[in-house]
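See structure below.
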Amino acid sequence: SFSLSEFDPELAEAIQSEDLRQRKGLELIASENFTSQAVREVLGSCLTNKYSEGGVGKRYYGGNEFIDQIETLCINRALSLYGLSSDEWGVNVQPYSGSPANFAVYTALLQPHDRIMGLDLPSGGHLTHGFQTAKKKVSATSVYFESLPYIVNPETGLIDYDDMEYRANMFLPKLLIAGGSAYPREWDYRRMRDIADSVGAMLMVDMAHISGLVAGGVADSPFKYADIVTTTTHKSLRGPRSGMIFGKRKYMEAVDSAVFPMLQGGPHNHQIGALAVALKEASQPEFKEYAQSIIRNAIALGEGLKKRGHKLATGGTDNHLLLWDVRPLGLTGAKVDMVLEQVSITANKNSLPGDVSAVNPGGVRLGTSALTTRGLKEADFDKVADFLDQGCRIATQAQQIASLEVETQMASGTSSRKSNKVLLKDF
Ligand code: PLP
(Lines give C-alpha, C1' and ligand atoms only; values in the text may rest on other atoms or scores of the structure.)
Protein backbone atom coordinates (compact mmCIF):
# COMPACT_ATOMS: atom_id res chain seq x y z
CA SER A 1 0.00 0.00 0.00
CA PHE A 2 1.19 3.48 -0.88
CA SER A 3 1.00 6.68 1.12
CA LEU A 4 -1.22 9.43 -0.25
CA SER A 5 1.73 11.50 -1.43
CA GLU A 6 3.21 8.49 -3.25
CA PHE A 7 -0.02 7.33 -4.85
CA ASP A 8 -1.78 10.64 -5.49
CA PRO A 9 0.63 13.57 -5.25
CA GLU A 10 -1.87 15.86 -6.96
CA LEU A 11 -4.43 15.39 -4.20
CA ALA A 12 -1.80 15.35 -1.44
CA GLU A 13 -0.55 18.71 -2.67
CA ALA A 14 -4.06 20.19 -2.68
CA ILE A 15 -4.57 19.04 0.92
CA GLN A 16 -1.21 20.48 1.90
CA SER A 17 -2.18 23.81 0.32
CA GLU A 18 -5.50 23.79 2.19
CA ASP A 19 -3.65 23.01 5.42
CA LEU A 20 -1.35 25.97 4.82
CA ARG A 21 -4.31 28.22 3.95
CA GLN A 22 -5.98 27.29 7.22
CA ARG A 23 -2.79 27.89 9.20
CA LYS A 24 -1.77 31.21 7.70
CA GLY A 25 -5.19 32.85 7.46
CA LEU A 26 -7.52 34.39 10.00
CA GLU A 27 -10.61 32.22 10.20
CA LEU A 28 -13.67 34.25 11.10
CA ILE A 29 -16.35 32.03 9.56
CA ALA A 30 -18.79 31.59 12.44
CA SER A 31 -19.65 27.98 11.61
CA GLU A 32 -16.07 26.71 11.43
CA ASN A 33 -13.54 25.50 13.96
CA PHE A 34 -10.30 23.51 14.21
CA THR A 35 -10.59 19.93 15.46
CA SER A 36 -8.03 18.29 17.71
CA GLN A 37 -5.48 15.76 16.58
CA ALA A 38 -7.39 13.04 18.47
CA VAL A 39 -10.63 13.82 16.61
CA ARG A 40 -8.82 13.74 13.27
CA GLU A 41 -7.11 10.47 14.14
CA VAL A 42 -10.49 8.80 14.54
CA LEU A 43 -11.78 10.34 11.30
CA GLY A 44 -8.94 8.72 9.39
CA SER A 45 -9.22 5.40 11.22
CA CYS A 46 -10.48 1.92 10.27
CA LEU A 47 -13.94 2.89 11.52
CA THR A 48 -14.70 4.25 8.05
CA ASN A 49 -14.57 0.67 6.69
CA LYS A 50 -17.47 -0.73 8.66
CA TYR A 51 -21.15 -1.14 7.80
CA SER A 52 -23.50 -1.15 10.79
CA GLU A 53 -27.05 -0.34 9.70
CA GLY A 54 -29.40 -0.36 12.67
CA GLY A 55 -28.76 0.71 16.24
CA VAL A 56 -26.68 -0.50 19.16
CA GLY A 57 -27.36 -4.24 19.73
CA LYS A 58 -29.64 -4.51 16.68
CA ARG A 59 -27.51 -4.32 13.55
CA TYR A 60 -28.21 -5.70 10.11
CA TYR A 61 -24.53 -6.66 9.66
CA GLY A 62 -22.12 -8.87 11.59
CA GLY A 63 -18.90 -7.76 13.24
CA ASN A 64 -20.30 -4.82 15.17
CA GLU A 65 -19.11 -5.65 18.69
CA PHE A 66 -16.71 -2.70 18.85
CA ILE A 67 -18.89 -0.37 16.82
CA ASP A 68 -21.65 -0.94 19.40
CA GLN A 69 -19.17 -0.07 22.12
CA ILE A 70 -18.17 3.13 20.31
CA GLU A 71 -21.71 4.29 19.55
CA THR A 72 -22.74 3.59 23.17
CA LEU A 73 -19.84 5.71 24.41
CA CYS A 74 -20.90 8.50 22.09
CA ILE A 75 -24.55 8.34 23.20
CA ASN A 76 -23.67 8.32 26.91
CA ARG A 77 -21.21 11.17 26.56
CA ALA A 78 -23.73 13.27 24.59
CA LEU A 79 -26.41 12.87 27.27
CA SER A 80 -23.97 13.48 30.10
CA LEU A 81 -22.42 16.59 28.48
CA TYR A 82 -25.81 18.32 28.47
CA GLY A 83 -26.78 17.00 31.91
CA LEU A 84 -29.61 14.83 30.58
CA SER A 85 -31.08 11.78 32.28
CA SER A 86 -31.55 8.80 29.99
CA ASP A 87 -34.98 8.24 31.56
CA GLU A 88 -36.20 11.50 30.13
CA TRP A 89 -34.05 12.03 27.01
CA GLY A 90 -32.61 9.95 24.20
CA VAL A 91 -30.13 10.89 21.49
CA ASN A 92 -29.46 9.66 17.99
CA VAL A 93 -25.83 10.23 17.00
CA GLN A 94 -26.11 8.81 13.47
CA PRO A 95 -27.21 11.84 11.39
CA TYR A 96 -24.55 12.54 8.79
CA SER A 97 -24.76 16.28 9.45
CA GLY A 98 -27.06 19.09 10.60
CA SER A 99 -29.34 19.24 7.54
CA PRO A 100 -30.11 15.49 7.53
CA ALA A 101 -30.68 15.69 11.31
CA ASN A 102 -33.32 18.39 10.85
CA PHE A 103 -35.01 16.58 7.99
CA ALA A 104 -35.10 13.40 10.08
CA VAL A 105 -36.95 15.31 12.82
CA TYR A 106 -39.55 16.58 10.35
CA THR A 107 -39.90 13.08 8.91
CA ALA A 108 -40.37 11.65 12.40
CA LEU A 109 -42.83 14.18 13.79
CA LEU A 110 -44.79 15.53 10.84
CA GLN A 111 -47.02 14.39 8.00
CA PRO A 112 -46.39 15.81 4.51
CA HIS A 113 -47.77 19.38 4.28
CA ASP A 114 -47.95 19.87 8.03
CA ARG A 115 -47.10 23.41 9.08
CA ILE A 116 -43.78 24.55 10.48
CA MET A 117 -42.52 27.91 11.66
CA GLY A 118 -38.86 28.85 11.95
CA LEU A 119 -36.72 32.00 11.76
CA ASP A 120 -36.68 33.40 8.22
CA LEU A 121 -33.39 32.98 6.36
CA PRO A 122 -32.85 36.73 5.79
CA SER A 123 -33.46 37.18 9.54
CA GLY A 124 -30.68 34.72 10.39
CA GLY A 125 -32.47 31.36 10.17
CA HIS A 126 -31.23 28.25 8.42
CA LEU A 127 -32.38 26.93 5.03
CA THR A 128 -33.62 23.69 6.60
CA HIS A 129 -36.09 25.59 8.78
CA GLY A 130 -38.37 25.94 5.76
CA PHE A 131 -36.93 28.70 3.59
CA GLN A 132 -38.78 29.64 0.42
CA THR A 133 -39.12 32.78 -1.66
CA ALA A 134 -42.23 34.08 -3.41
CA LYS A 135 -40.98 32.36 -6.56
CA LYS A 136 -39.18 29.27 -5.35
CA LYS A 137 -39.28 26.56 -2.72
CA VAL A 138 -35.58 26.77 -2.02
CA SER A 139 -35.25 24.19 0.74
CA ALA A 140 -36.66 20.65 0.53
CA THR A 141 -38.28 21.41 3.88
CA SER A 142 -40.52 23.94 2.12
CA VAL A 143 -41.33 21.43 -0.64
CA TYR A 144 -42.67 18.82 1.77
CA PHE A 145 -44.03 21.03 4.55
CA GLU A 146 -45.92 24.32 4.67
CA SER A 147 -43.73 27.03 6.10
CA LEU A 148 -44.49 30.48 7.46
CA PRO A 149 -41.41 32.03 9.02
CA TYR A 150 -41.16 34.46 11.90
CA ILE A 151 -38.74 37.38 11.60
CA VAL A 152 -36.53 39.82 13.45
CA ASN A 153 -37.54 43.43 13.91
CA PRO A 154 -35.84 45.24 10.98
CA GLU A 155 -34.86 48.16 13.21
CA THR A 156 -33.50 46.38 16.26
CA GLY A 157 -32.43 43.11 14.66
CA LEU A 158 -34.01 41.28 17.60
CA ILE A 159 -36.55 38.48 17.27
CA ASP A 160 -40.03 39.93 17.49
CA TYR A 161 -41.69 37.46 19.88
CA ASP A 162 -45.02 39.33 19.88
CA ASP A 163 -45.16 39.05 16.11
CA MET A 164 -44.12 35.38 16.38
CA GLU A 165 -47.08 34.79 18.70
CA TYR A 166 -49.41 36.61 16.34
CA ARG A 167 -48.21 34.56 13.35
CA ALA A 168 -48.39 31.30 15.31
CA ASN A 169 -51.99 32.04 16.28
CA MET A 170 -52.85 32.68 12.64
CA PHE A 171 -50.87 29.84 11.09
CA LEU A 172 -51.22 27.18 13.82
CA PRO A 173 -47.92 25.38 13.14
CA LYS A 174 -47.42 21.81 14.32
CA LEU A 175 -43.74 22.51 14.92
CA LEU A 176 -42.12 25.72 16.13
CA ILE A 177 -38.36 25.91 15.53
CA ALA A 178 -35.88 27.99 17.53
CA GLY A 179 -32.25 28.46 16.54
CA GLY A 180 -30.45 30.03 13.62
CA SER A 181 -27.24 30.51 11.68
CA ALA A 182 -26.80 34.23 12.07
CA TYR A 183 -28.53 35.40 15.23
CA PRO A 184 -26.11 37.07 17.65
CA ARG A 185 -28.43 37.14 20.66
CA GLU A 186 -29.74 34.75 23.30
CA TRP A 187 -33.04 32.95 22.61
CA ASP A 188 -36.13 33.23 24.80
CA TYR A 189 -36.91 29.51 24.93
CA ARG A 190 -39.46 29.96 27.69
CA ARG A 191 -41.49 32.40 25.61
CA MET A 192 -41.28 30.07 22.61
CA ARG A 193 -42.44 27.15 24.76
CA ASP A 194 -45.44 29.23 25.84
CA ILE A 195 -46.23 30.17 22.24
CA ALA A 196 -45.88 26.52 21.14
CA ASP A 197 -48.15 25.36 23.97
CA SER A 198 -50.75 28.00 23.21
CA VAL A 199 -51.21 26.61 19.67
CA GLY A 200 -50.54 22.95 20.47
CA ALA A 201 -47.17 22.86 18.63
CA MET A 202 -44.03 20.91 19.44
CA LEU A 203 -40.90 22.95 20.09
CA MET A 204 -37.65 22.05 18.36
CA VAL A 205 -34.40 23.90 19.08
CA ASP A 206 -31.65 23.73 16.47
CA MET A 207 -28.64 24.70 18.58
CA ALA A 208 -26.10 23.97 15.82
CA HIS A 209 -24.20 27.22 16.18
CA ILE A 210 -24.16 27.38 19.94
CA SER A 211 -23.95 23.73 21.06
CA GLY A 212 -20.38 24.29 22.29
CA LEU A 213 -21.49 27.37 24.20
CA VAL A 214 -24.36 25.46 25.81
CA ALA A 215 -21.95 22.65 26.73
CA GLY A 216 -19.55 25.20 28.20
CA GLY A 217 -22.32 26.81 30.25
CA VAL A 218 -22.12 30.22 28.58
CA ALA A 219 -25.38 30.05 26.62
CA ASP A 220 -28.83 29.15 27.98
CA SER A 221 -29.63 25.46 27.77
CA PRO A 222 -32.66 24.73 25.58
CA PHE A 223 -33.31 21.32 27.16
CA LYS A 224 -35.59 22.65 29.87
CA TYR A 225 -38.13 23.81 27.30
CA ALA A 226 -37.66 21.82 24.08
CA ASP A 227 -39.22 18.58 22.90
CA ILE A 228 -36.43 18.04 20.40
CA VAL A 229 -32.93 19.53 20.15
CA THR A 230 -30.81 19.11 17.02
CA THR A 231 -27.23 20.16 16.47
CA THR A 232 -24.28 19.97 14.19
CA THR A 233 -21.11 18.93 15.95
CA HIS A 234 -18.45 20.85 14.05
CA LYS A 235 -19.16 24.47 14.94
CA SER A 236 -18.62 25.80 18.47
CA LEU A 237 -18.68 22.19 19.77
CA ARG A 238 -15.40 21.66 17.83
CA GLY A 239 -16.03 18.07 16.75
CA PRO A 240 -16.09 16.28 13.39
CA ARG A 241 -18.73 17.23 10.79
CA SER A 242 -21.77 15.34 11.99
CA GLY A 243 -25.19 15.78 13.58
CA MET A 244 -27.18 14.73 16.64
CA ILE A 245 -30.86 14.63 17.53
CA PHE A 246 -31.83 14.77 21.19
CA GLY A 247 -35.46 13.99 21.95
CA LYS A 248 -37.80 13.45 24.82
CA ARG A 249 -38.20 9.68 25.21
CA LYS A 250 -41.66 9.57 23.68
CA TYR A 251 -40.32 10.92 20.37
CA MET A 252 -37.21 8.76 20.08
CA GLU A 253 -38.69 5.69 18.44
CA ALA A 254 -40.01 7.85 15.59
CA VAL A 255 -36.71 9.80 15.42
CA ASP A 256 -34.60 6.63 15.30
CA SER A 257 -36.63 5.10 12.50
CA ALA A 258 -36.64 8.39 10.56
CA VAL A 259 -32.82 8.37 10.61
CA PHE A 260 -32.69 4.68 9.70
CA PRO A 261 -34.27 3.11 7.67
CA MET A 262 -36.23 6.10 6.36
CA LEU A 263 -33.48 8.56 5.38
CA GLN A 264 -30.05 7.10 5.92
CA GLY A 265 -28.20 3.82 5.42
CA GLY A 266 -25.06 2.78 7.25
CA PRO A 267 -23.90 5.15 9.99
CA HIS A 268 -20.59 6.92 9.43
CA ASN A 269 -18.75 5.22 12.25
CA HIS A 270 -15.61 7.30 11.84
CA GLN A 271 -17.73 10.40 12.53
CA ILE A 272 -19.46 8.77 15.50
CA GLY A 273 -16.12 7.70 17.01
CA ALA A 274 -14.64 11.15 16.43
CA LEU A 275 -17.72 12.75 17.95
CA ALA A 276 -17.30 10.58 21.06
CA VAL A 277 -13.80 12.03 21.42
CA ALA A 278 -15.02 15.60 20.87
CA LEU A 279 -17.73 15.10 23.52
CA LYS A 280 -15.09 13.90 25.96
CA GLU A 281 -13.02 16.99 25.16
CA ALA A 282 -16.06 19.22 25.67
CA SER A 283 -16.64 17.75 29.13
CA GLN A 284 -13.18 18.84 30.38
CA PRO A 285 -12.75 21.99 32.49
CA GLU A 286 -10.57 23.49 29.71
CA PHE A 287 -13.57 23.49 27.39
CA LYS A 288 -15.53 25.69 29.81
CA GLU A 289 -12.64 28.15 29.70
CA TYR A 290 -12.63 27.88 25.91
CA ALA A 291 -16.37 28.68 25.75
CA GLN A 292 -15.91 31.64 28.08
CA SER A 293 -13.11 33.04 25.93
CA ILE A 294 -15.21 32.67 22.77
CA ILE A 295 -17.72 35.08 24.30
CA ARG A 296 -15.08 37.48 25.71
CA ASN A 297 -13.42 37.53 22.30
CA ALA A 298 -16.68 38.16 20.45
CA ILE A 299 -17.35 41.12 22.75
CA ALA A 300 -13.81 42.41 22.17
CA LEU A 301 -14.17 42.09 18.41
CA GLY A 302 -17.50 43.93 18.54
CA GLU A 303 -16.11 46.70 20.72
CA GLY A 304 -13.06 46.95 18.45
CA LEU A 305 -15.27 47.46 15.42
CA LYS A 306 -17.60 49.91 17.18
CA LYS A 307 -14.78 52.12 18.45
CA ARG A 308 -13.54 52.33 14.84
CA GLY A 309 -16.95 53.66 13.83
CA HIS A 310 -18.57 50.46 12.58
CA LYS A 311 -22.11 49.30 13.10
CA LEU A 312 -23.28 45.91 14.35
CA ALA A 313 -26.78 44.47 13.95
CA THR A 314 -28.45 44.40 17.39
CA GLY A 315 -25.57 46.59 18.61
CA GLY A 316 -23.40 43.68 19.73
CA THR A 317 -23.52 40.01 20.66
CA ASP A 318 -24.36 37.49 23.38
CA ASN A 319 -22.63 34.59 21.66
CA HIS A 320 -19.80 33.74 19.26
CA LEU A 321 -21.06 35.69 16.27
CA LEU A 322 -21.45 39.24 15.10
CA LEU A 323 -23.33 40.70 12.19
CA TRP A 324 -21.29 43.55 10.83
CA ASP A 325 -23.40 46.10 8.96
CA VAL A 326 -21.33 47.57 6.11
CA ARG A 327 -24.23 49.44 4.49
CA PRO A 328 -23.46 52.77 6.21
CA LEU A 329 -20.11 52.70 4.37
CA GLY A 330 -21.86 52.34 1.02
CA LEU A 331 -20.46 48.81 0.69
CA THR A 332 -21.94 45.35 0.35
CA GLY A 333 -21.04 42.21 2.27
CA ALA A 334 -19.75 40.62 -0.93
CA LYS A 335 -17.30 43.45 -1.62
CA VAL A 336 -15.89 43.42 1.89
CA ASP A 337 -15.67 39.63 1.77
CA MET A 338 -13.76 39.80 -1.49
CA VAL A 339 -11.17 42.21 -0.09
CA LEU A 340 -10.76 40.24 3.12
CA GLU A 341 -10.14 37.04 1.20
CA GLN A 342 -7.29 38.76 -0.67
CA VAL A 343 -5.56 39.31 2.66
CA SER A 344 -6.26 35.80 4.03
CA ILE A 345 -9.15 36.74 6.29
CA THR A 346 -12.15 34.49 5.73
CA ALA A 347 -15.68 35.52 6.72
CA ASN A 348 -18.95 35.40 4.83
CA LYS A 349 -21.42 37.87 3.41
CA ASN A 350 -24.73 37.72 5.22
CA SER A 351 -28.10 39.35 4.93
CA LEU A 352 -29.08 41.87 7.55
CA PRO A 353 -32.44 42.79 9.02
CA GLY A 354 -34.04 45.15 6.51
CA ASP A 355 -31.91 44.09 3.52
CA VAL A 356 -33.78 44.41 0.26
CA SER A 357 -31.83 41.73 -1.57
CA ALA A 358 -30.80 38.44 0.00
CA VAL A 359 -28.53 37.83 -3.02
CA ASN A 360 -26.51 40.98 -2.43
CA PRO A 361 -26.63 41.43 1.33
CA GLY A 362 -25.28 44.35 3.34
CA GLY A 363 -23.65 42.40 6.12
CA VAL A 364 -20.68 40.25 6.98
CA ARG A 365 -21.02 37.45 9.55
CA LEU A 366 -18.05 37.09 11.89
CA GLY A 367 -17.42 34.41 14.49
CA THR A 368 -14.78 33.87 17.15
CA SER A 369 -14.90 30.07 17.77
CA ALA A 370 -12.10 29.14 15.37
CA LEU A 371 -9.58 31.85 16.24
CA THR A 372 -10.22 31.29 19.94
CA THR A 373 -9.14 27.69 19.37
CA ARG A 374 -5.98 29.12 17.78
CA GLY A 375 -5.31 30.88 21.10
CA LEU A 376 -6.27 34.47 20.27
CA LYS A 377 -7.22 36.66 23.23
CA GLU A 378 -9.18 39.92 23.55
CA ALA A 379 -6.23 42.16 22.60
CA ASP A 380 -5.66 40.03 19.49
CA PHE A 381 -9.30 40.47 18.51
CA ASP A 382 -8.91 44.22 18.79
CA LYS A 383 -6.13 43.85 16.22
CA VAL A 384 -8.42 41.70 14.08
CA ALA A 385 -11.00 44.53 14.26
CA ASP A 386 -8.26 46.87 13.01
CA PHE A 387 -7.56 44.54 10.05
CA LEU A 388 -11.28 44.43 9.24
CA ASP A 389 -11.44 48.22 9.42
CA GLN A 390 -8.50 48.49 7.02
CA GLY A 391 -10.16 45.95 4.72
CA CYS A 392 -13.21 48.18 4.61
CA ARG A 393 -11.16 51.21 3.68
CA ILE A 394 -9.56 49.27 0.81
CA ALA A 395 -13.02 48.17 -0.36
CA THR A 396 -14.20 51.80 -0.31
CA GLN A 397 -11.15 52.93 -2.32
CA ALA A 398 -11.60 50.09 -4.82
CA GLN A 399 -15.20 51.13 -5.22
CA GLN A 400 -14.21 54.75 -5.88
CA ILE A 401 -11.61 53.68 -8.47
CA ALA A 402 -14.19 51.48 -10.23
CA SER A 403 -16.67 54.40 -10.36
CA LEU A 404 -13.97 56.69 -11.79
CA GLU A 405 -13.13 54.09 -14.41
CA VAL A 406 -16.77 53.83 -15.43
CA GLU A 407 -16.96 57.65 -15.69
CA THR A 408 -13.77 57.76 -17.79
CA GLN A 409 -15.03 55.05 -20.11
CA MET A 410 -18.36 56.83 -20.48
CA ALA A 411 -16.61 60.09 -21.30
CA SER A 412 -14.48 58.39 -23.96
CA GLY A 413 -17.44 56.47 -25.31
CA THR A 414 -15.90 53.07 -24.60
CA SER A 415 -18.29 51.99 -21.92
CA SER A 416 -21.16 49.61 -22.19
CA ARG A 417 -23.90 48.78 -19.69
CA LYS A 418 -22.33 45.35 -19.33
CA SER A 419 -18.78 46.55 -18.67
CA ASN A 420 -20.09 49.14 -16.19
CA LYS A 421 -22.01 46.50 -14.35
CA VAL A 422 -19.01 44.17 -14.18
CA LEU A 423 -16.70 46.95 -12.95
CA LEU A 424 -19.10 48.14 -10.28
CA LYS A 425 -20.04 44.68 -9.11
CA ASP A 426 -16.42 43.60 -8.78
CA PHE A 427 -15.62 47.18 -7.65
N1 PLP B 1 -28.76 24.22 11.43
C2 PLP B 1 -28.11 25.38 11.59
C3 PLP B 1 -28.65 26.37 12.58
C4 PLP B 1 -26.96 25.65 10.87
O5 PLP B 1 -26.34 26.82 11.01
C6 PLP B 1 -26.48 24.67 9.95
C7 PLP B 1 -25.26 24.89 9.16
O8 PLP B 1 -24.81 25.89 8.85
C9 PLP B 1 -27.22 23.50 9.79
C10 PLP B 1 -28.34 23.30 10.56
C11 PLP B 1 -26.84 22.48 8.77
O12 PLP B 1 -25.72 21.80 9.04
P13 PLP B 1 -24.89 21.06 7.90
O14 PLP B 1 -24.23 22.11 7.10
O15 PLP B 1 -23.97 20.22 8.70
O16 PLP B 1 -25.86 20.24 7.10
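The values are calculated or read from the model by the stated rules, or taken from the named source; none is laboratory data. On a predicted model such as this, the values are computed, not experimentally measured, just so you know. Don't worry about glycine lacking a Cβ; one is built from the backbone with ideal geometry, like all the others, and counts go over all protein chains shown. For the accessible areas, the whole protein counts, side chains as well, though only heavy atoms, and no ligand, DNA or RNA atoms are used. Shrake-Rupley method; radii C 1.70, N 1.55, O 1.52, S 1.80 Å.
The table below gives the values:
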{"quantity": "Residue 88-residue 29 FRET efficiency (beta carbon distance; Förster radius 45 Å; 0.05 resolution)", "calculated": "0.80"}
{"quantity": "Projected area averaged over orientations for region 281-342, convex hull of C-alpha atoms, nm²", "calculated": "5.5"}
{"quantity": "Anchor residue 136: aspartates and glutamates whose Cα lies under 16 Å away (excluding residues fewer than 8 positions away in-chain)", "calculated": "120, 146"}
{"quantity": "Rg [Å, one decimal], Dmax [Å, integer] - region 297-416, C-alpha atoms", "calculated": "15.9, 54"}
{"quantity": "Accessible area, probe 1.4 Å, largest first, for residues 80, 344", "calculated": "80, 344"}
{"quantity": "Extension gain (nm, one decimal) between residue 400 and residue 288, 0.36 nm per residue minus Cα-Cα", "calculated": "35.7 nm"}
{"quantity": "Alpha-carbon centroids, region 276-304 and region 230-262: separation in whole Å", "calculated": "23"}
{"quantity": "Relative pair counts by distance (%), Cα atoms of region 85-172, 5 Å bins", "calculated": "3, 13, 20, 20, 19, 13, 8, 3, 1, 0"}
{"quantity": "Rounded percent of accessible protein surface that carbon and sulfur make up, region 29-185, 1.4 Å probe", "calculated": "53"}
{"quantity": "Theoretical gain in end-to-end length, residue 10 to residue 51 [0.36 nm per residue, Cα-Cα removed]", "calculated": "11.8 nm"}
{"quantity": "19 Å cut-off, amide nitrogen to a point 7 angstrom out along residue 172 Cα→Cβ, residues in region 79-119", "calculated": "110-118"}
{"quantity": "Relative packing of peptides 326-337, 100-111 - highest average C-beta neighbours within 10 Å first", "calculated": "100-111, 326-337"}
{"quantity": "The chain, dipole about Cα centre (Lys/Arg Cβ +1, Asp/Glu Cβ -1), debye to the nearest 20", "calculated": "560"}
{"quantity": "Translational diffusion coefficient (Stokes-Einstein; Kirkwood radius from C-alpha pairs) of region 368-410 at 20 °C, 1.002 mPa s, in µm²/s", "calculated": "171"}
{"quantity": "Per-selection Rg to Rh, region 126-224 - Cα, Kirkwood hydrodynamic radius", "calculated": "0.95"}
{"quantity": "More than 27 angstrom apart: percent of Cα pairs within the chain", "calculated": "56"}
{"quantity": "Viscosity 1.306 mPa s, 10 °C: Kirkwood-radius Stokes-Einstein D of region 174-246 over Cα pairs, µm²/s", "calculated": "128"}
{"quantity": "Dipole-positive endmost among 399, 321, 412 within region 278-427 (Cβ charges, Cα centre)", "calculated": "412"}
{"quantity": "Region 120-249, dipole about Cα centre (Lys/Arg Cβ +1, Asp/Glu Cβ -1), debye to the nearest 20", "calculated": "640"}
{"quantity": "Separation between Cα centres of region 175-211 and region 82-146, rounded to whole Å", "calculated": "12"}
{"quantity": "Ratio Rg/Rh, restricted to region 216-274 and using Cα atoms, in which Rh is the Kirkwood radius", "calculated": "1.00"}
{"quantity": "Ranked packing of 386-392, 12-18, 174-180, most packed first, by mean Cβ within 10 Å", "calculated": "174-180, 386-392, 12-18"}
{"quantity": "Debye, to nearest 20: dipole size of region 109-187, +1 on Lys, Arg Cβ, -1 on Asp, Glu Cβ", "calculated": "420"}
{"quantity": "Segments 239-252, 134-147, 281-294 sorted - mean Cβ within 10 Å per residue, highest first", "calculated": "239-252, 281-294, 134-147"}
{"quantity": "Principal axis dimensions, largest first and in whole angstrom, of region 6-104 by Cα", "calculated": "47, 34, 27"}
{"quantity": "Sum of side-chain charges, residue 250 neighbourhood, beta-carbon under 15 Å (Lys, Arg +1; Asp, Glu -1)", "calculated": "-3"}
{"quantity": "Positive-pole candidate from 279, 332, 290, dipole of region 271-337, charges at beta carbon", "calculated": "332"}
{"quantity": "Within the chain, percent of DSSP bridges classed antiparallel, to nearest 5", "calculated": "60"}
{"quantity": "Dipole-positive endmost among 202, 223, 118 within the chain (Cβ charges, Cα centre)", "calculated": "118"}
{"quantity": "Ellipsoid equivalent to region 181-323 - semi-axes via the Cα gyration tensor, in Å", "calculated": "29, 21, 13"}
{"quantity": "Probe 1.4 Å - accessible area at residue 48, Å² to nearest ten", "calculated": "80"}
